[in-house]
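K.L.:
There's a structure below that I have some questions on.
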Amino acid sequence: MSQPVPSDSLWGRVPRLAYGADYSPEQWDPQVWRDDVRLMRAAGVTLVSLGIFAWSWLEPEQDRFDFDGLDEVIGLLHAGGVAVDLATPTAAPPLWFARAHPESLPVTVDGQRLAPGSRQSFCASSPAYRERAALITARLAERYGDHPAVVMWHIGNEYGNANAHCWCETSAAAFRHWLRARHGDLNTLNSRWGTAFWGQRYSDWAQVAPPRTSVGSLNPALRLDFLRFCDAEQLACYRAERDIVRAHSPGRPVTTNFMTGNFAWADYWAWAAEVDVVANDHYLTAADPHRTAELAFTADLTRGLAAGRPWLLMEHSTSAVQWQPRNTAKAPGEMRRNSLSHVARGADGALFFQWRQSASGAEMWHSAMVPHGGEDTRIHREVQRLGAEIGALAEVAGSVCEPAEAAVVWDYDAWWALELPDRPSIDMTYRDEIRAWHRALWSAGGACDVVPATATADELARYKLLLAPSHYAATRETAAAWEAYAASGGHLVVGPFSGVVDHDDRVHPGPYPGVLRELLGLRVDEFLPLAAGEQVALGDGSTGRVWAERVLPDPGTRVEARFATGPAAGDPAVLRADRGAGAVRYCATRFTDDSLRRLLTDWRAAAGCAPPPPGAGDGVETVRRRSPGGASWLFVVNHTSAPVAVPCTGRELLTGVRADGVVTVAAGDVAVVRES
């Protein structure tokens, strides 16, 4: 959360801007490898992630290692000028391992042990898995740690994507060990978990078990700590392999690929501290009506995890994927536009899954840089064009995005706790609400950073407007930081059902909203969840949805809008309290998109934020990256079906037509301008 400072030393010899893909040569005959390198050179590929699922290729039988094929492939890539992001292949244990160690296979919440045959078919707590993963990692690092082609290491793949949680007895024992470290003793655990309820008090550690299927509801604090434990076990697997690699390959950055925005079960704020370069996989959902806004949000979140420094788009798709019910293709130009949108928002490279489209297997209908039809296809022609353009933008590498004046809080503990069973409303989801607030700013042309709930008041001071749309679980430290932020001149907006429990899901003592009550200057007397699809009107013309509250303001707290309809009709809906040089607002409902856009425009202005750049908004992104030396580049991304004109000065690096200080960007196009 400190002011972003580019650090080229983190990247070492990694090409920037990087361009390439996951590469799986084990799927192809050796004669194809040479053609791959030829096509890579023609497409401008500079970096490939190699060996991600290649464990059975490298160790076809236990303790029989065969690196001849990988040696040849790395040599061909190096001779062709393509750098290697070498992966540990531990996301796909071989079938011989599962047969030798069936106890390593994951167990479901209902006690069913899952069969092998897919990737990530292992329990993260399994000692046998960790031992064999360490061995193959060490063999790779010893062999290729000093190889000139290997410029980065890629540990595992999408940790937790298929095996985030395991309920086996090995996990149960590890869970108890983790709980001892977290809580110390059983008396403390009983107190924090509130086990007096339903007579759940533990008198022996052996009684503590993962939250398996039972006759009814389970303790939510147990569920919450189990989620944290499972994430910690995945992170421990990553750390073990990373440390082996670092010992044998010093000076080369080590990373793994996150799945920010969509994946719930990893606290990526914690993971980000463990990688040298933040890398992310991003895939759009075809049925999402807000796909382009979601792309911007995920990129902003990933940049936040990178503390504002450049990051790497490790995977996205050239066109359709294979894992959705209906896998629609990207329109011509969409792949390019999406890729450059990530670069605009801080990525120092754009890579795909995968290089050559698989001819068989579960992902054979997932698009690739080289489709089944080969190089004479629309997709590959677009791949070649994009590669040339990424190369032309190389000077942008190392620059950072201009800090926004507004930020939104993103917290995994609040997400996990809010969406546990037995909450007041199943419609009070976390991710969708954060996205809605970010989308409202994006659609109005406003920039937005993403920050953790652990950010200090000093780290927040750069922002004029801080948004906490949903923060069910809150600590006193967060409340104190927000209070200091507002007192020093910041404007804070908090959404409903926030601040009410601690990180053990215990209700904070005193009236709602718990640790935020004094800061917000109000008391929530009653929560009033709305029926499915129900909406409520506010006196200022806004429309609320999902939720309402009966709020009692403290003296000095002003009511800016009241409920006009619904169960809280006549009660305050939006309240404001001055705090030192700043102010705080509280919203007692969730708003529709149109209402959010209007309200956030007003709140940005009230906080003193500059108006959005001319031409930005309604599907047109204008994002600026700056170098430490003062150079700047303006990215204009036009997601609409009509041309747009945006004021600019300088020289175009990509497309656009400039005249009299204006660049005109065609429908669906992207312009990049080096500003004078």
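The values are calculated or read from the model by the stated rules, or taken from the named source; none is laboratory data. Just so it is clear, the structure is predicted and the values come from calculations on it, not from any experiment. Counting neighbours? That spans all protein chains shown, and the Cβs are built from the backbone with ideal geometry, glycine included. Just so you know, the surface numbers come from the protein's heavy atoms only, side chains and all, with ligands and any DNA or RNA stripped out. Shrake-Rupley method; radii C 1.70, N 1.55, O 1.52, S 1.80 Å.
K.L.:
For the chain, give the share of DSSP beta bridges that are antiparallel, in percent and rounded to the nearest 5; count only bridges with both residues there.
P.N.:
Rounded to the nearest five, the antiparallel share is 55 percent.
K.L.:
If you average the sequence gap of Cα pairs under 8 Å that are 6 or more apart and divide by the length of segment 338-415, what percent do you get for the contact order?
P.N.:
It comes to 22 percent, rounded to a whole number.
K.L.:
Across every pair of different alpha-carbon atoms, what Kirkwood hydrodynamic radius in Å does segment 377-420 reach?
P.N.:
Kirkwood radius, segment 377-420: 14.8 Å.
K.L.:
Moving to a separate point now. Largest first, how would Trp28, Trp323, Trp265, Trp603 line up by accessible area (1.4 Å probe)?
P.N.:
Trp323, Trp265, Trp28, Trp603
K.L.:
Then there is this: If you average the C-alpha positions of segment 130-156 and of segment 266-288 separately, how far apart do those two centres end up, in angstrom?
P.N.:
After rounding, the separation between the Cα centres reads 22 Å.
K.L.:
Sort Arg303, Arg223, Arg326, Arg626 by heavy-atom solvent-accessible area, probe 1.4 angstrom, most to least.
P.N.:
Descending order: Arg326, Arg626, Arg223, Arg303.
K.L.:
With a ≥ b ≥ c the root eigenvalues of the C-alpha gyration tensor of segment 223-315, is it rounded (a/c under 1.5), prolate (a/b larger than b/c) or oblate?
P.N.:
oblate
K.L.:
Oh, and also: Can you tell me how segment 186-237 classifies by the Cα gyration tensor, rounded, prolate or oblate, using a/c under 1.5 as the rounded cut?
P.N.:
Prolate.
K.L.:
What's the center-to-center distance, using Cα atoms, between segment 305-372 and segment 21-52 in Å?
P.N.:
Their Cα centres are 16 Å away from one another.
K.L.:
Continuing with the same structure: Taking a 1.4 Å probe, which of Arg576, Arg139, Arg381, Arg590 shows the most accessible area, and what order do the others take after it?
P.N.:
The ranking, largest first, comes out as Arg381, Arg139, Arg576, Arg590.
K.L.:
Near the amide H of Phe591, under 5 Å away, which other amide H atoms are found, from residues 5 or more places off or on another chain, if H is placed in the peptide plane?
P.N.:
Here the answer is Arg545, since their amide H atoms fall under 5 Å of that of Phe591.
K.L.:
I've got another one for you. Starting from a Cα-only point model with no solvent, please compute log10 I(q)/I(0) by Debye for segment 40-115 at q = 0.12, 0.21, 0.23 1/Å.
P.N.:
Taken in order of the listed q values, log10 I(q)/I(0) reads -0.48, -0.93, -1.03.
K.L.:
Can you give the Rg and Dmax of segment 138-251 based on its C-alpha atoms, in angstrom?
P.N.:
Spelled out, the Cα radius of gyration and Dmax of segment 138-251 are 19.0, 62 Å.
K.L.:
To the nearest 20 debye, what charge dipole does segment 9-86 have about its Cα centre, counting +1 at the Cβ of each Lys and Arg and -1 at the Cβ of each Asp and Glu?
P.N.:
640 debye
K.L.:
Is there a quick way to get the dipole size of segment 468-621? I mean about its Cα centre, with the Cβ of Lys and Arg at +1 and of Asp and Glu at -1; what is the value in debye to the nearest 20?
P.N.:
Approximately 240 debye in magnitude.
K.L.:
Sticking with this one: List the residues, sorted by chain then number, that are 5 or more residues from Leu492 or on another chain and whose placed amide H is less than 5 Å from its amide H.
P.N.:
Leu466, Ala583, Val584, Arg585
K.L.:
Now for a different question. Dimensions of segment 560-626 along principal axes (Cα, Å, largest first)?
P.N.:
47, 33, 15
K.L.:
Given +1 on the Cβ of Lys and Arg, -1 on the Cβ of Asp and Glu, and no further charges, what dipole in debye does segment 355-461 carry about its Cα centre, rounded to the nearest 20?
P.N.:
Roughly 560 debye for segment 355-461.
K.L.:
Ignoring any ligand, DNA or RNA, what whole percent of the accessible area of the chain comes from carbon and sulfur when the probe is 1.4 angstrom?
P.N.:
Ligands and nucleic acids excluded, carbon and sulfur give 51 percent.
K.L.:
Taking the dipole about the Cα centre of the chain, with the C-beta of Lys and Arg at +1 and of Asp and Glu at -1, give me whichever of Ala173, Gln62, Pro424 is farthest to the positive side.
P.N.:
Value computed over the given set: Pro424.
K.L.:
OK, next. Through the Karplus equation 6.51 cos²θ - 1.76 cosθ + 1.60, θ set to phi - 60°, convert the phi angles of segment 309-320 into ³J(HN,Hα) values in whole Hz; use x for Gly and Pro.
P.N.:
The phi angles translate into 7, x, 10, 10, 7, 7, 9, 7, 10, 6, 8, 6 Hz.
K.L.:
Quick one: accessible surface of Arg435, probe radius 1.4 Å, all protein chains present, in square angstrom to the nearest 10.
P.N.:
30 Å²
K.L.:
Normalised by the residues of segment 528-650, what does the relative contact order come to in percent, with Cα pairs under 8 Å and at least six apart?
P.N.:
That works out to 16 percent.
K.L.:
Please compute the Kirkwood hydrodynamic radius of the chain from all pairs of different C-alpha atoms, in Å with one decimal.
P.N.:
Taking every pair of different Cα atoms in the chain, averaging 1/r and inverting gives 26.5 Å.
K.L.:
Expressed as a rounded percentage, what relative contact order does the chain have, with Cα pairs under 8 Å and six or more residues apart?
P.N.:
Relative CO of the chain lands at 11 percent.
K.L.:
For q values of 0.11, 0.14, 0.17 Å⁻¹, compute log₁₀ I(q)/I(0) with the Debye formula on a Cα-only model of segment 1-133, without solvent.
P.N.:
Computed log10 I(q)/I(0) values: -0.54, -0.77, -0.94.
K.L.:
Given q = 0.17 Å⁻¹, what are the Debye log10 I(q)/I(0) values for segment 533-648, with equal point scatterers placed on the Cα positions and solvent ignored?
P.N.:
Results for segment 533-648 at q = 0.17 Å⁻¹ read -0.90.
K.L.:
Still on this structure: Could you give me the ³J(HN,Hα) list for segment 275-281, computed from phi with Karplus coefficients 6.51, -1.76, 1.60 and θ = phi - 60°, whole Hz, x at Gly and Pro?
P.N.:
Values per residue, Gly and Pro as x: 10, 7, 9, 6, 10, 9, 9 Hz.
K.L.:
How large is ³J(HN,Hα), in whole Hz, for each residue of segment 205-222 in order, when computed from phi with the Karplus curve 6.51 cos²θ - 1.76 cosθ + 1.60 and θ = phi - 60°, using x for Gly and Pro?
P.N.:
4, 5, 7, 7, 9, x, x, 7, 4, 10, 6, x, 5, 10, 4, x, 5, 4
K.L.:
Would you mind working out the accessible area per residue for the chain, using a 1.4 Å probe, and quoting it in Å²?
P.N.:
Heavy-atom accessible area per residue stands at 37 Å².
K.L.:
Under a 5 Å amide H to amide H cut-off, with H placed in plane at 1.01 Å, what residues pair with Ala548 once short-range neighbours are removed?
P.N.:
Those lying under 5 Å, H to H, from Ala548 are Leu528, Leu530.
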